[in-house]
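Student: Please see the structure below; I have some questions.
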There are 2 protein chains.
Amino acid sequence: MTTIYDVARRSGVSPATVSRVLSGRRNVDPELSEKVRAAVAELGYRPNGVARNLRRASTNLWAVVISDIENPFFTSLVRGLEDVAQTEGYHVVLCNSDEDPAKEAAYASAVLTEQMAGVVISPTSTAEGVQQLDEAKTPMVLIDRRVEGVEADTVLVDNEHGAFEGVNHLIEGGYRRIACITGPRRVSTAMDRLAGYRAALRAGGIRFSKDLVRHADFREAGGFAAMESLLDLPEPPEALFVTNNLMTVGALECLAKRGLRAPDDIAVVGFDDIPWADLVVPSLTTVAQPTYELGRTAGLLLKDRIASPGRPPSTVTLRTELHIRATSAPKK
Amino acid sequence: MTTIYDVARRSGVSPATVSRVLSGRRNVDPELSEKVRAAVAELGYRPNGVARNLRRASTNLWAVVISDIENPFFTSLVRGLEDVAQTEGYHVVLCNSDEDPAKEAAYASAVLTEQMAGVVISPTSTAEGVQQLDEAKTPMVLIDRRVEGVEADTVLVDNEHGAFEGVNHLIEGGYRRIACITGPRRVSTAMDRLAGYRAALRAGGIRFSKDLVRHADFREAGGFAAMESLLDLPEPPEALFVTNNLMTVGALECLAKRGLRAPDDIAVVGFDDIPWADLVVPSLTTVAQPTYELGRTAGLLLKDRIASPGRPPSTVTLRTELHIRATSAPKK
DNA sequence: TACTCTTCGGAAATCGATTTCTGACTTCAG
DNA sequence: CTGAAGTCAGAAATCGATTTCCGAAGAGTA
């Protein structure tokens, strides 16, 4: 392997000068500079990033810890993050936590030993890893969910408002018996969206009934099961609000299996878009989250945090957007 | 920061011994070993991965260079790769090349300077980065596409056979005027799938006509435009085979826009699944690729390549699976 | 002219862990 | 009992780039 010493010898200068030429951190005589560049080209020299990282005591890696890259919500978010990372000269390390606090902790640990420059993380329920990183003062941006007792930059969507809009849209369509499938009680997004659902009911003068709410696991199978249980009620709901994309898919599959159709048999609004929601027939009404923007914003915050670690943490809340399609057509 | 020297001092041994205890690469007196462990715990010592990487002259990073993580094909593939990486103690760095040879080259360069342990790459048309990595003898696995003149481990799907099956299925349904929307001429998958299409026509005794073939860009917009041009033919096709998922979506959107329906107006078979293809109504018939397995296989090959760099390269070809759904119902 | 200030190149220290080398000590065979 | 072989801990070299420190030379000022 050719090193900076080889280049130095070849160009008749010291390694220090070579380093200065290549990093551009100090002025160097143009003549020497030219010699160095020539030597670099001749030798095909490529700096050793690891050595640089050791000396500089930091890497150009960002970790993104999410529950599952296969969920389109995170896919687009990661894309937004990666685009920022690329322009800022960072690389993104992908970490699937699968909602498992132990995995989250393991990745947090790796972030520390590998001296990664920063982390964007969607915390699991117990947020073990988040605590660890917070203590170590690693630059960190929380996405999608808040964590009690941790002061960090955070990017959220306005879950309550988005849910309100989605449910309100159903109410305006003439529906009154509206069910809700939401996520685990410990997850802030599940509770915020449920709160939006309740607020919309209240505003519409509809009494809230616990019987019409199901707490599932934010996964497809959970949505399916919750839908079944709702349909088996003595008096099934006439409309449904589901608080994430995978559970919406599960619910729709349950409907299909039973030969029921939206919106004729039951109107449906889902939180978070699914890819090509237009192609699903009838096309699915959703409260769309700006997922790409979420990732992008997280990246920008992380960049700022790294640049000025002392700054007080900020929280950015992005707006959702109601995409009205066919499954929420007004009641006939 | 606490270093191995601090631990050594605290436990009354040399840094070398601490290293040996922690790496477990050599026997150490159990008594000393215990002391070291105690000191590590007391000080909350965490090894510096970067320093280790420098000394060992390698990192525990794998790069995965794909065109776009937002394409569900790659999402699932990356997931498969990441799962292998995790069990093998590697981390996955995500690199979106956007089919741009310059970006591919830039990432290849980063792989080399950062001394990453290996690369899984889906080559762009000119495969600039692949050449670079090949010359540097970086452990590398090619996925999805072949590259002329590069001898490397490769994971492919049986494109020609898959396409044959899909088109043959249409022919068996009684369709004869079958169009094909495929990708750029320089991309091996596009050509292989086109070859499968032609082979199926031949086997079915149908004359191949250039007029029914469109070369697009493997993207949604390209699929849309190609569909338009096919529908504008004096005699539009009665069935369609599309060679990737995004273009299929574009084509379906074009149909929807024109008020046409599959399979009544035109039967459709797509290559590569889309998420929740069942929910699209009428549900979409696809030649499904084992995307997760592709990623997993690539990971396993990469692991083996790293373990024994001298081994002759191997190519693994995975089978596609025809998922018959509604858009390819037999001709009435 | 003399002195200060600035600029710039090179020698050497540095980042933190690993690993080679060395020597002390133990074990075992003859 | 002696010599060879084996085990293990510690000292020091090492990975490759960066950066501090120092000195030389040039620019600018009184």
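The values are calculated or read from the model by the stated rules, or taken from the named source; none is laboratory data. Since the model is a prediction, treat every value here as computed from it, not as a measurement. A quick note on method: Cβ atoms are made from the backbone with ideal geometry, for glycine too, and the neighbour counts reach across all protein chains shown.
Student: With respect to residue B:252, determine if the residue is within 12 Å of chain A (Cβ to nearest Cβ), more than 15 Å from residue A:282 (Cα to Cα) and among the aliphatic types (A, V, I, L, M).
Tutor: Against the criterion (within 12 Å of chain A (Cβ to nearest Cβ), more than 15 Å from residue A:282 (Cα to Cα) and among the aliphatic types (A, V, I, L, M)), residue B:252 does not qualify.
Student: Right, something else. Can you tell me which residue is farthest from residue A:302 (Cα to Cα) among those in the stretch A:81-106 that are in a helix (DSSP H, G or I) and either at pLDDT below 95 or away from chain B (no Cβ under 11 Å) (or both)?
Tutor: Going through the stretch A:81-106, the residues in a helix (DSSP H, G or I) turn out to be A:81-88, A:101-106.
Subsequent filtering for residues that are either at pLDDT below 95 or away from chain B (no Cβ under 11 Å) (or both) retains A:84, A:87-88, A:101-102, A:104-105.
Working: A:84: 10, A:87: 13, A:88: 11, A:101: 23, A:102: 24, A:104: 19, A:105: 20 Å.
Applying the filter and picking the extreme gives A:102.
Student: Can you tell me which residue is surrounded by the most Cβ atoms within 10 Å (Cβ to Cβ) among those in the stretch A:130-158 that are within 14 Å of chain B (Cβ to nearest Cβ) and not polar (S, T, N, Q)?
Tutor: Among them, the one singled out is A:133.
Student: Still on this structure, I have one more. Within the stretch A:224-243, how many residues turn out to be within 14 Å of chain B (Cβ to nearest Cβ) and closer than 25 Å to residue A:172 by Cα?
Tutor: Qualifying residue count for the region: 2.
Matching residues to (1) within 42 Å of the chain's Cα centre (by Cα); (2) more than 7 Å from DNA strand C (Cβ to nearest atom); (3) of a type in the set (Gly, Ala, Ser):
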residue	(1), (2), (3)
B:3	yes, no, no
B:28	no, yes, no
B:38	no, yes, yes
B:44	yes, yes, yes
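Student: Taking the residues in the stretch A:1-12 that are within 11 Å of DNA strand D (Cβ to nearest atom) and within 13 Å of residue A:37 (Cα to Cα) as candidates, determine which candidate is surrounded by the fewest Cβ atoms within 10 Å (Cβ to Cβ).
Tutor: Residue satisfying both the conditions and the ranking: A:6.
Student: If you go through the stretch A:32-59 one residue at a time, how many are more than 8 Å from chain B (Cβ to nearest Cβ), of a type outside the set (Gly, Ala, Ser) and within 12 Å of DNA strand D (Cβ to nearest atom)?
Tutor: Total satisfying the criteria: 7.
Student: Checking the conditions here, which among A:174, A:205 is on the phi > 0 side of the Ramachandran plot and free of Cβ contacts under 8 Å to residues at least 12 places away in the same chain?
Tutor: On the way: A:174 fails: free of Cβ contacts under 8 Å to residues at least 12 places away in the same chain.
Result: A:205 is the single residue among A:174, A:205 that is on the phi > 0 side of the Ramachandran plot and free of Cβ contacts under 8 Å to residues at least 12 places away in the same chain.
Student: Given the structure, is residue B:65 closer than 21 Å to residue B:154 by Cα, more than 8 Å from chain A (Cβ to nearest Cβ) and among the aliphatic types (A, V, I, L, M)?
Tutor: On the way: closer than 21 Å to residue B:154 by Cα: yes; more than 8 Å from chain A (Cβ to nearest Cβ): yes; among the aliphatic types (A, V, I, L, M): yes.
So residue B:65 fits the description; yes.
Student: Additional query: Just need a number here: residues in the stretch A:13-36 that are outside any loop (DSSP other than H, G, I, E, B) and surrounded by fewer than 15 Cβ atoms within 10 Å (Cβ to Cβ).
Tutor: Number of matching residues: 6.
Student: Still on this structure, I have one more. When the stretch B:293-327 is examined, which residues are found to be at pLDDT below 95, among the hydroxyl-bearing types (Ser, Thr, Tyr) and under 30 Å from residue B:171 (Cα atoms)?
Tutor: B:327
Student: Take the residues in the stretch A:218-277 that are without any contact (Cβ under 8 Å) to a residue 40 or more places away in the chain, aliphatic (A, V, I, L, M) and not in a loop (DSSP other than H, G, I, E, B), then tell me which one is surrounded by the most Cβ atoms within 10 Å (Cβ to Cβ).
Tutor: Of everything passing the filter in the stretch A:218-277, A:252 is surrounded by the most Cβ atoms within 10 Å (Cβ to Cβ).
Student: With B:286, B:297 as the choices, which residue is within 14 Å of chain A (Cβ to nearest Cβ), in contact with a helix residue (DSSP H, G or I) (Cβ under 9 Å, 6 or more places away or on another chain) and of a type outside the set (Asp, Glu)?
Tutor: Residue meeting the stated conditions: B:286.
Student: A follow-up question, please. Within the stretch A:13-24, does at least one residue satisfy the condition of being touching an Asp or Glu at 6+ places or on another chain (Cβ under 6 Å) and more than 12 Å from DNA strand C (Cβ to nearest atom)?
Tutor: No, the stretch A:13-24 contains no residue that is touching an Asp or Glu at 6+ places or on another chain (Cβ under 6 Å) and more than 12 Å from DNA strand C (Cβ to nearest atom).
Student: Do we have residue B:123 as surrounded by fewer than 22 Cβ atoms within 10 Å (Cβ to Cβ), away from DNA strand D (no atom under 11 Å from the Cβ) and in contact (Cβ under 8 Å) with a residue 12 or more places away in the chain here?
Tutor: no
Student: Another question, if that's okay. Is it the case that residue B:23 is free of Cβ contacts under 8 Å to residues at least 24 places away in the same chain, away from chain A (no Cβ under 12 Å), within 24 Å of residue A:115 (Cα to Cα) and among the polar types (S, T, N, Q)?
Tutor: Judged against the criteria, residue B:23 is a match.
Student: Criterion first (more than 24 Å from residue A:318 (Cβ to Cβ) and modelled with pLDDT under 95) does residue A:260 satisfy it?
Tutor: It is true that residue A:260 is more than 24 Å from residue A:318 (Cβ to Cβ) and modelled with pLDDT under 95.
Student: Being in a loop (DSSP other than H, G, I, E, B), under 24 Å from residue A:151 (Cβ atoms) and either in contact with a Pro (Cβ under 7 Å, 6 or more places away or on another chain) or hydroxyl-bearing (Ser, Thr, Tyr) (or both) is the filter here; which residues of the stretch A:309-325 pass it?
Tutor: Those that are in a loop (DSSP other than H, G, I, E, B), under 24 Å from residue A:151 (Cβ atoms) and either in contact with a Pro (Cβ under 7 Å, 6 or more places away or on another chain) or hydroxyl-bearing (Ser, Thr, Tyr) (or both): A:309, A:314.
Student: While we're on this one: Please go through (1) at the interface with another protein chain (Cβ under 9 Å from one of its Cβ atoms); (2) of a type in the set (A, V, I, L, M); (3) surrounded by 24 or more Cβ atoms within 10 Å (Cβ to Cβ); (4) touching a Phe, Trp or Tyr at 6+ places or on another chain (Cβ under 9 Å) for residue A:78 and return the number of the only condition it doesn't satisfy.
Tutor: Among (1) at the interface with another protein chain (Cβ under 9 Å from one of its Cβ atoms); (2) of a type in the set (A, V, I, L, M); (3) surrounded by 24 or more Cβ atoms within 10 Å (Cβ to Cβ); (4) touching a Phe, Trp or Tyr at 6+ places or on another chain (Cβ under 9 Å), the lone unmet condition for residue A:78 is (4).
Student: Here's another thing I want to ask about it. Might you check whether a residue that is in contact (Cβ under 8 Å) with a residue 24 or more places away in the chain, away from DNA strand D (no atom under 16 Å from the Cβ), in contact with a His (Cβ under 7 Å, 6 or more places away or on another chain) and within 19 Å of residue A:83 (Cα to Cα) occurs anywhere in the stretch B:87-95?
Tutor: Yes, there is a match, as at least one residue in the stretch B:87-95 is in contact (Cβ under 8 Å) with a residue 24 or more places away in the chain, away from DNA strand D (no atom under 16 Å from the Cβ), in contact with a His (Cβ under 7 Å, 6 or more places away or on another chain) and within 19 Å of residue A:83 (Cα to Cα).
Student: When the stretch A:107-151 is examined, which residues are found to be under 21 Å from residue B:91 (Cα atoms), over 19 Å from the mean Cα position of the chain (by Cα) and not in a loop (DSSP other than H, G, I, E, B)?
Tutor: Those that are under 21 Å from residue B:91 (Cα atoms), over 19 Å from the mean Cα position of the chain (by Cα) and not in a loop (DSSP other than H, G, I, E, B): A:109, A:110, A:112, A:113, A:132.
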